[in-house]
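Enquirer: This is the structure, below, for whatever I ask next.
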Amino acid sequence: MQDSLYVALSSQIALERRLDTIADNVANASTIGFRATGVKFEDVVSGTGPKSVSFASSGKTYLSTAHGSLTETGNPFDFAIQGDAWFAIETPVGTVMTRDGRFSMNENGELMSIEGYPVLDSGGAPIQLDPRNGPPKAGADGSLRQNDQLVGAIGLYNFDPGQNFVRYGNSGIVPARTPEPVTDRSDVGVAQGFLEESNV
């Protein structure tokens, strides 16, 4: 009797977690750069032989790797990543990875995220533009030019969010380990004037 109660309770907890995950994904179906969360459940067996009892695990979360569709905006400060990479922004909790490329240039020429955090280059430094020269032109590799002069490059990074990752805001992910800059990869690039929709 007691075992059956534990089995029912574990199933209820697993169901609740699955429903919470679905609700969060649906709530972010229109969030730019959002990557959906999935949950994996495993059977946990207690005991051996005919007295063994199978429980549902509490589940482990993972981040969907599917890409959202790209929408053209025409805004020179909107950027979408093509391929498997992430932007990096500097926040109060440290570096955060995001696919949300809604950027802007502040009065000091710093490239900023929509939340007002500095966007980082491949070396982990804030990107500095010349505010007198207007929006930059971006190459597919993330390089930024103003008046035909190279002024910087948007950093593109790889990282493994792992299981039970931590979100920051709606579309940001706090990396558990230092992300690695993407270099010399033809399958990764930046599209200026585009944004990536949620992949829900």
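The values are calculated or read from the model by the stated rules, or taken from the named source; none is laboratory data. Given the structure is predicted, the values throughout are model-derived calculations rather than measurements. Note that each Cβ is placed from the backbone with ideal geometry, even for glycine, and that neighbours are counted across all protein chains shown.
Enquirer: Across the stretch 27-84, what is the number of residues that are among the acidic types (D, E), in a loop (DSSP other than H, G, I, E, B) and modelled with pLDDT under 90?
Expert: Residues that pass the stated criteria total 1.
Enquirer: Sticking with this one: Here's a check for you: in the stretch 1-26, which residue that is of a type in the set (V, I, T) and at pLDDT below 65 is farthest from the chain's Cα centre (by Cα)?
Expert: So, considering only residues that are of a type in the set (V, I, T) and at pLDDT below 65, the one farthest from the chain's Cα centre (by Cα) is V7.
Enquirer: Please go through the stretch 166-187 and pick out each residue that is surrounded by fewer than 19 Cβ atoms within 10 Å (Cβ to Cβ) and either over 16 Å from the mean Cα position of the chain (by Cα) or part of a loop (DSSP other than H, G, I, E, B) (or both).
Expert: Matches in the stretch 166-187: G169, N170, A176, R177, T178, T183, D184, R185, S186, D187.
Enquirer: Could you please let me know if L120 is under 19 Å from the mean Cα position of the chain (by Cα) and hydrophobic (A, V, I, L, M, F, W, C)?
Expert: When the stated conditions are applied, L120 passes them.
Enquirer: Restricting to the stretch 95-117, and then to whatever is of a type outside the set (A, V, I, L, M, F, W, C) and in a strand (DSSP E or B), can you tell me which residue is nearest to the chain's Cα centre (by Cα)?
Expert: Top of the filtered list is T98.
Enquirer: Need the failing condition index for G152 against (1) at negative phi; (2) in contact with a Leu (Cβ under 8 Å, 6 or more places away or on another chain), just the number.
Expert: Only one criterion in (1) at negative phi; (2) in contact with a Leu (Cβ under 8 Å, 6 or more places away or on another chain) is unmet by G152, namely (1).
Enquirer: Now for a different question. With respect to Q128, is the statement that it is within 30 Å of V39 (Cβ to Cβ) and either out of contact with any strand residue (DSSP E or B) (no Cβ under 6 Å at 6 or more places or on another chain) or surrounded by fewer than 17 Cβ atoms within 10 Å (Cβ to Cβ) (or both) true?
Expert: In short, no.
Enquirer: When you look at P136, is it more than 13 Å from the chain's Cα centre (by Cα) and in the same structural domain as D100 (by TED's automatic domain parsing), yes or no?
Expert: yes
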